[in-house]
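Single-structure report; data block below.
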Amino acid sequence: MFDSPVITWLIVGLILSLLELVVPGVYLIWFGFAGFVMSIITWMVPMETTTQLIWFAVFSGIFAVIGLYAYRYIFERTKTPKDYQNLNNSAEQHVGSLVTVAEDVAD
């Protein structure tokens, strides 16, 4: 059953994708995508194991870079605006502002 490299790469992609649910971090899914791509490529073009591993490394690097830019884009869009960073910290909200004191301050 595991004699076919197509099935092997499909299983590798599935295992790496499922490990993403267990292992903390968000990087194994990209290696899983590379495994799925390798499954499709080895189905279309038969190649030796060494060549497959080299291409898997190349696709893993490509998908890792895609993931890096995707996460940067997502985190930049969900960043808290500067006006709201101190929203729940009442002491920090008044730092740098000028106010007029209406009555004497005790203690």
### Query
Only one of these conditions is not met by Lys82: (1) modelled with pLDDT under 90; (2) closer than 17 Å to Pro5 by Cβ. Which number is it?
(2)
### Query
Can Ile62 be described as in contact with an Asp or Glu (Cβ under 6 Å, 6 or more places away or on another chain), surrounded by 14 or more Cβ atoms within 10 Å (Cβ to Cβ) and among the β-branched types (Val, Ile, Thr)?
no
### Task
Starting from residues that are of a type in the set (A, V, I, L, M) and in contact (Cβ under 8 Å) with a residue 12 or more places away in the chain, keep the ones in region 20-39 and report whichever is surrounded by the fewest Cβ atoms within 10 Å (Cβ to Cβ).
Val26
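I'd like the residue in region 70-102 that is within 29 Å of Ile29 (Cβ to Cβ) and not in a helix (DSSP H, G or I) and, out of all such residues, is nearest to the chain's Cα centre (by Cα). Quick ask: steps written out before the conclusion?
In the first step, residues of region 70-102 are kept if they are within 29 Å of Ile29 (Cβ to Cβ); the result is 70-80.
So of that shortlist, the ones also not in a helix (DSSP H, G or I) come out as 78-80.
Details: Thr78: 14, Lys79: 16, Thr80: 19 Å.
Here the answer is Thr78.
The values are calculated or read from the model by the stated rules, or taken from the named source; none is laboratory data. All values reported here derive from a predicted model rather than from experimental measurement. Note: ideal-geometry Cβ built from the backbone for every residue, glycine included; neighbour counts use all protein chains shown.
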